[in-house]
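Laboratory data are not the source of any read-out in this text; all were calculated from the coordinates shown. As the structure is a prediction and not an experimental result, all values here were calculated from the model. Every residue, glycine among them, receives a Cβ derived from its backbone with ideal geometry; neighbour counts consider all protein chains shown.
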Amino acid sequence: MLPSPLAAAAPPLPPQSSDEDFFSTASTSTSSDSKPRSPPPTLPQIPIVWPEAGALTASWVADLMQAFEWASKALPPSEFPSVLPVAVFDKLVLTASKILHKEPNCVRIDENSELNSDCRVVVVGDVHGQLHDVLFLLRDAGFPADDRFFVFNGDYVDRGAWGLEVFLLLLAWKVLMPHRVFLLRGNHESKYCTSVYGFEKEVLVKYGDNGKHVYRKCLGCFEGLPLASIIAGQVYTAHGGLFRGSFEELAKARRSVLDPPWEGQNLIPGDILWSDPSMTPGLSPNIERGIGLLYGPDCTEEFLKKFNLKLIIRSHEGPDARDKRPDLGGMNVGYTIDHIVESGKLITLFSAPDYPQFQATEERYKNKGAYIVLEPPNFDTPMFHSFEAVTPRPKVNPYYDFEDVIDSDEELDLVSMVTDSGLQQPAV
């Protein structure tokens, strides 16, 4: 049984990673006989109150994490407002949105961001509402600090039962440490996906009469999430990966759309959020998903060479998606190295273990999740950290019909995307 790090009083400021972590941390083990265990609930101070001075502190974020963890085990979802009142939700999302909307489409983490030889960068893939695994990952990797940056590759919500909690706690970290925590957008941070895969219903259940208001605020925040990052000038990260065009064109792309278009002039957001690697050379439409691209090893080589990069870290594909793609590696350990080319590598990183939380088949995938640590001097050599799911998960009902939806986001209902988003198909 892991110790309950949230039971202890949090220090006033996050320490450097060379000291003890923000909370006491538990070491991970990837052996099947030593899985991370869920700490017992510890009664937090609730409801969460917005700081009088308006500025978040490490103690406030610690209280938020403790409250979310406790509530997931001790309260029905409909009582969530007793933990985080809608007024506090509004202030957190507004504060975070202002920060996110000011960031460029591609954030650069380099010496101008105080990245130096004493720092490391943690890269995280899809987490899909699996709160307890996210908490474990943060404790295991070490919490954000002056010398520890975090880049999250999107897909915070949907499928898992605690997408709202996951998204809000990461927003809290972003507000607390805006120049150390970077939240990129995934394809599930969209109106269409959240209406199909559970997040919309989750919000409506948890906030009741205020649910529609909360959901709209979340959608607005999704639109502000940057699309990509470049770390130390060497590593490119994005949810789906490559895109058509240059970084200058990426900088000008319109990301403030509820659902990225698959036709017209603004194709870069859809490329970045929905594309997948392939072992077949060349660039082709991603027919199975209905949006984005399939890109072969030659495209990866061209991209790396053209932009003087060494590594691409993308996410977007879990064990269910890879189960349908025998030409690529499985997601058993939370990552795959898909392309090895002359100029570098392309990696798929997936950080949600034992995914999906609700699975229609009797036999579960039982995959591990993983995160990557990039270290100086060049930050271009990935160090992989695999971990198993925290068990047992609290019992909770799903927020979507997991037996009928397509697990790997294939065959999108593009007509529904147009109708739900208020978009119009471009004239021929």
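For this structure, a couple of remarks:
- Size descriptor, Kirkwood hydrodynamic radius, that averages inverse alpha-carbon separations across region 292-338, Å: 12.0 Å
- The share of C-alpha pairs in the chain whose separation exceeds 35 Å stands at 21 percent.
- Alpha carbon centroid spacing (whole Å) that separates region 210-243 from region 154-179: 11 Å
- Principal axis dimensions, largest first and in whole angstrom, of region 76-129 by Cα: 46, 23, 21
- Cα-derived Rg over Rh, computed across region 110-205 with Rh taken as Kirkwood radius: 1.02
- Estimated FRET transfer efficiency (ARG254, SER113; beta-carbon r; R0 22 Å; 0.05): 0.35
- For LYS73, the lysines whose Cα falls under 29 Å of its own Cα, not counting residues fewer than eight places away in the same chain, are LYS35, LYS91, LYS174, LYS191, LYS201, LYS206, LYS212, LYS217, LYS366, LYS368, LYS395.
- Global form of region 222-320, assessed from the alpha-carbon gyration tensor, a/c cut-off 1.5: rounded
- GNM top mover of LEU170, LEU131, LEU56 - the chain, alpha-carbon springs below 10 Å: LEU56
- For region 159-208: rounded, prolate or oblate by the Cα gyration tensor [a/c cutoff 1.5]: oblate
- Peptides 232-240, 121-129, 67-75 ordered by packing proxy, namely the average of other Cβ atoms within 10 Å per residue, highest first: 121-129, 232-240, 67-75.
- Value in Å of the Kirkwood radius, where region 52-148 supplies the Cα pairs that are averaged: 16.1 Å
- Equivalent ellipsoid, region 214-255 (semi-axes from 5 times Cα gyration tensor eigenvalues, Å): 24, 13, 9
- Mean residue ellipticity (222 nm) of the chain, computed from DSSP H runs ≥ 4 via -39,500 (n - 2.57), nearest 500: -8500 deg cm²/dmol
- Each Cα pair under 8 Å and six or more residues apart adds its sequence gap; the mean of these over the residue count of region 97-221 is a relative contact order of 23 percent.
- When the trypsin sites (Lys or Arg not before Pro) in region 274-342 are filtered for DSSP coil states and for at most 16 other beta-carbon atoms within 10 Å of their beta-carbon, the remaining sites are LYS324.
- Coupling constants for region 226-233 follow from the phi torsions by the Karplus curve (6.51 cos²θ - 1.76 cosθ + 1.60, θ = phi - 60°), and in residue order they are x, 9, 7, 9, 10, 9, 6, x Hz; glycine and proline get x.
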